[in-house]
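**Student:** Below you will find the structure I want to go over with you.
The values are calculated or read from the model by the stated rules, or taken from the named source; none is laboratory data. Fair warning: this is a prediction, and the values are worked out from it, not measured in the lab. Here Cβ is always computed from backbone atoms with ideal geometry, including for glycine, and neighbour counts include all displayed protein chains. With ligands, DNA and RNA removed, areas are computed over all heavy atoms of the protein, side chains included. Shrake-Rupley method; radii C 1.70, N 1.55, O 1.52, S 1.80 Å.
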Amino acid sequence: VTQSVLVTVIPVPVASVLVTPGLDTLEQMETVQLSALARDAGGATLAGRTIVWSSRDTFVVKVSATGLVTAAGVGSAIIDATSETKVGSATIVVKPSASAPTITSISPTAMVPGAAATLTGTGFSAT
């Protein structure tokens, strides 16, 4: 006699998401790689869970699908890592780049659409 039994395996739900580092300071155009761990109610890591990354302020920081953060504008922003319905977060503070140009004057001072202007200052690149 042969019998079969149907077994349904229900995965352990994600109870929390831990993002590291939880706080970082970057200069404009610098990057940092974040990582996220999905955890169960007991704190054990749940392998193989999908993590979706997002930035709450893409003018300050952008984040890739793999958690690579790129500093864009000056300020602070929160990066979220979501697995199932749980969210973990990191705060990224962006400072001005030490090599950012400094504009000391603009000529002419009254701009006309399509006209050329001269910017004077320091820290400009050749490109």
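**Student:** Inside the range 33-52, can you point out the residues that are closer than 11 Å to E84 by Cβ and not charged (D, E, K, R)?
**Tutor:** A38, L46, T50, I51, V52
**Student:** Name every residue in the range 33-65 that is under 27 Å from V94 (Cβ atoms), surrounded by fewer than 18 Cβ atoms within 10 Å (Cβ to Cβ), touching a residue at least 24 places away in the same chain (Cβ under 8 Å) and of a type in the set (A, V, I, L, M, F, W, C), in order of residue number.
**Tutor:** Once the filter is applied, which keeps residues that are under 27 Å from V94 (Cβ atoms), surrounded by fewer than 18 Cβ atoms within 10 Å (Cβ to Cβ), touching a residue at least 24 places away in the same chain (Cβ under 8 Å) and of a type in the set (A, V, I, L, M, F, W, C), the range 33-65 yields only V52.
**Student:** Between G43, G88, G75, which is at positive phi and under 18 Å from the mean Cα position of the chain (by Cα)?
**Tutor:** G75 is the lone residue from the list that is at positive phi and under 18 Å from the mean Cα position of the chain (by Cα).
**Student:** Something else: Could you tell me whether any residue of the range 77-91 is farther than 30 Å from P11 by Cα, open to solvent by less than 50 Å² (accessible area, probe 1.4 Å), touching a residue at least 24 places away in the same chain (Cβ under 8 Å) and not β-branched (V, I, T)?
**Tutor:** no
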